[in-house]
Amino acid sequence: MAEFIKVGERIKLRPNVEGLEFNLEGGKIYDLKYCDMTGETYLQENGSFNMPKKVYKVPEDDEFKDRVLTYFNSDKAGNTTGVLLAGTKGTGKTILAKRIAIDSNLPVIIPANNFYAHRLNTFFKQIKSPVVVMFDEVEKNDYYWNTKDLLGFLDGVEATAKKLVLMTCNDTDEINDNFFDRCSRIRYFREYEANSNTAFIKLIAKDKGIEDIDKVADFITNNMGVKSFDNINSFLDEVILFKDKSYEDIIKYMNISEEEC
């Protein structure tokens, strides 16, 4: 018997009433929502992950992904396997989290921004099948789920199924100290540096059809303070658009910090 029923667009845990049986699908995203008016908790389908046409990665990315999934799928894993990816925006944290989720081939549940942390245990202790739970920029929503309030959820004391919890954050100083050095809560932690993507500059420039790859790569390396995918791509797009301008003129009005000497 299915764990869920579907009524209209809402997917709810199966109550003791008749409804259209529904099984969550691997690789699909489901937003976890709460209605203040009715007190109802439900899921809503939200398609699948949007991924860039080309994913720039280093061998360490695949190694990390495979390590997480191997452990999660082993009989050594407990009810909760927590993963925290931290670092500057645009360095690839969310892409890696998405890749882990996709390769798990499990349903992905994303709590809505206004879903209170204390409701998480109530919902997930009723689920009997493995799922991925994803929080992007987890430290940015401290009104609804201050990271301290997530400790009980990560402990998984009342959990009835394995869950792979993927979290990203930009600032570890905003994360509760009890997240760290506690593998039963956060099993895997990886931190990205602001310039983690320097190795991809020439490859991205080549894919965009930049002519003088070495020159533009040297300029970015020596002048761009934060070499995130966002900044690199944005600057290269401006180089293509404004061919008559110097690199100095192009970066002058862009929202990109300068490299400190």
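Short version: ³J(HN,Hα) in whole Hz for each residue of region 236-246, in order, from phi by Karplus 6.51 cos²θ - 1.76 cosθ + 1.60 (θ = phi - 60°), x for Gly and Pro, what are they?
Taking θ as phi minus 60°, the curve returns 5, 5, 5, 4, 5, 6, 10, 5, 7, 9, 6 Hz for region 236-246.
Mind listing the long-range amide H neighbours of SER228? Cut-off is under 5 Å, sequence gap 5 or more, other chains count too, H placed in the peptide plane at 1.01 Å from N.
Residues meeting the criterion, in which the H sits 1.01 Å from N, do not exist here.
Between the alpha-carbon centers of region 30-56 and region 223-261, tell me the distance in whole angstrom.
So the two Cα centres are separated by 34 Å.
Calculate the spin-label point distance for GLU174 paired with GLU3, positioning each point 7 Å from the Cα along the beta-carbon direction, and give it in nanometres.
3.0 nm
Can you list residues from other chains, or at least 5 along the same chain, whose modelled amide H is less than 5 Å from the amide H of VAL133?
ILE109, LEU164, VAL165, LEU166
Once you place label points 7 Å from the Cα toward the Cβ at LEU151 and ASP136, how far apart are they in nm?
According to this spin-label approximation, the distance is 2.9 nm.
Can you tell me what share of the DSSP beta bridges in the chain is antiparallel? A percent to the nearest 5 is fine.
Around 40 percent of the beta bridges assigned by DSSP in the chain are antiparallel ones.
Hey, what do the phi angles of region 48-59 turn into as Karplus ³J(HN,Hα) couplings, whole Hz, using 6.51/-1.76/1.60 and θ = phi - 60°, x for Gly and Pro?
Taking θ as phi minus 60°, the curve returns 10, 5, 7, 10, x, 4, 10, 9, 8, 8, 10, x Hz for region 48-59.
If R0 is 41 Å, what FRET efficiency do you get for ASP212 and TYR71 from their C-beta distance, rounded to 0.05? Please list the in-between numbers first.
Details: r = 45 Å, r/R0 = 1.10.
In this case the efficiency is close to 0.35.
Ordered by packing density, taken as the mean number of other Cβ atoms within 10 Å over each peptide's residues, highest first, how do 81-90, 40-49 rank?
Result, highest mean Cβ count within 10 Å first: 81-90, 40-49.
Debye sum, Cα scatterers, region 113-219, no solvent: what log₁₀ I/I(0) at q = 0.13, 0.16, 0.24 1/Å?
Each listed q corresponds, in turn, to -0.61, -0.76, -1.38.
Calculate the FRET efficiency for TYR116 and LYS12 from the Cβ-Cβ distance with a Förster distance of 22 Å, rounded to the nearest 0.05.
Numbers: r = 18 Å, r/R0 = 0.80.
It comes out at approximately 0.80.
Read-outs: derived from the displayed coordinates by stated rules, not from any lab. Because the structure is a prediction, the values reported are computed rather than measured. Don't worry about glycine lacking a Cβ; one is built from the backbone with ideal geometry, like all the others, and counts go over all protein chains shown.
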